[in-house]
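Visitor: This is the structure I have questions about; it appears just below.
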Amino acid sequence: MLKYQDIIKTVLQNHANYHRTGLPDGYASQVLFDDERGQYLVLDIGWSGDKYLHATPIHLSLIGEKIWIQWDDTEEGVATNLLEAGVPKEDIVLGFRHPKVRQYTGFAVT
């Protein structure tokens with residue numbers, strides 16, 4: 001589990017820094033890390049005028065020795081960032097995909 005914590009944190013921080021530049025004034029993009037429970041996410045939050053935003057564009061979990069992408073609402077896909085950082089496909093699970101279709105994704109099944 002420890003071998004991927006730094007990669008996940010770097011990937012999510014880079015995403016939050018990039019994403020922050022595209023958010024309207026009043027919104028902020030934050031990263032939340034829970035190493036003890038293996039939970040990592042990007043949180044977009046704030047007020048812009050009368051509109052409140054509370055969204056989680058990325059949620060990753062470390063389960064066993066694999067990175068589970070629980071949610072990915074990014075254009076380029078966080079899996080791409082993880083692959084570029086050196087994480088092999090067999091260590092990435094697309095948790096937001098139904099278990100019956102995971103075998104066709106090219107990533108880990110479980």
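Since every read-out is calculated from the coordinates, none of them should be taken as a lab result. Treat the numbers as computed from the prediction; the structure is a model and nothing was measured. Every residue, glycine among them, receives a Cβ derived from its backbone with ideal geometry; neighbour counts consider all protein chains shown.
Visitor: Given points 7 Å out from each Cα along the Cα-Cβ axis, report the Trp47 to Thr105 separation in nanometres with one decimal.
Guide: 3.8
Visitor: Further question: Let me check against my output: what whole-number percent is the relative contact order of the chain, with C-alpha pairs under 8 Å and at least 6 apart? Write down the numbers at each step before the final one.
Guide: Values: 176 pairs, mean separation 20.1, N = 110.
Value for the chain: 18 percent.
Visitor: Can you tell me the Rg and the Dmax, both Å, for the Cα atoms in the chain?
Guide: Computed over the Cα atoms of the chain, radius of gyration and Dmax are 14.5, 45 Å.
Visitor: Over the chain, how many pairs of lysines fall under 28 Å by alpha carbon, counting only those 8 or more apart in sequence or from different chains? Don't jump to the answer; show the numbers that get you there.
Guide: Values: Lys3/Lys66; Lys3/Lys89; Lys9/Lys66; Lys9/Lys89; Lys66/Lys89; Lys66/Lys100; Lys89/Lys100.
For the chain, the number of qualifying lysine pairs is 7.
Visitor: Let me ask something else about it. Compute the helix-to-body angle for 2-20: its Cα long axis versus the longest principal axis of the chain, expressed 0 to 90° and rounded to tens.
Guide: Its long axis makes an angle of about 30 degrees.
Visitor: Relative contact order for segment 69-110 using alpha-carbon pairs under 8 Å, separation at least 6, rounded to a whole percent? Please report the intermediate quantities before stating the final value.
Guide: Working: 36 pairs, mean separation 16.3, N = 42.
Contact order relative to length: 39 percent.
Visitor: Arrange Leu60, Leu82, Leu53 by Cβ neighbour counts within 10 Å, fewest through most, would you?
Guide: Leu53, Leu82, Leu60
Visitor: Would you order Asp73, Asp6 from fewest to most other beta-carbon atoms within 10 Å of each residue's own beta-carbon?
Guide: Numbers: Asp73 14, Asp6 10.
Ordered by Cβ neighbours within 10 Å, fewest first: Asp6, Asp73.
Visitor: Classify segment 50-90 as rounded, prolate or oblate from the Cα gyration tensor: take a ≥ b ≥ c as the square roots of its eigenvalues, call it rounded if a/c is under 1.5, otherwise prolate when a/b beats b/c and oblate if not.
Guide: Details: a/c = 4.13, a/b = 1.92, b/c = 2.15.
Verdict is oblate for segment 50-90.
Visitor: Once the Cβ-Cβ distance between Trp71 and Lys3 is put in as r, and R0 is 22 Å, what FRET efficiency do you end up with, to the nearest 0.05?
Guide: Details: r = 23 Å, r/R0 = 1.02.
Rounded to the nearest 0.05, the efficiency is 0.45.
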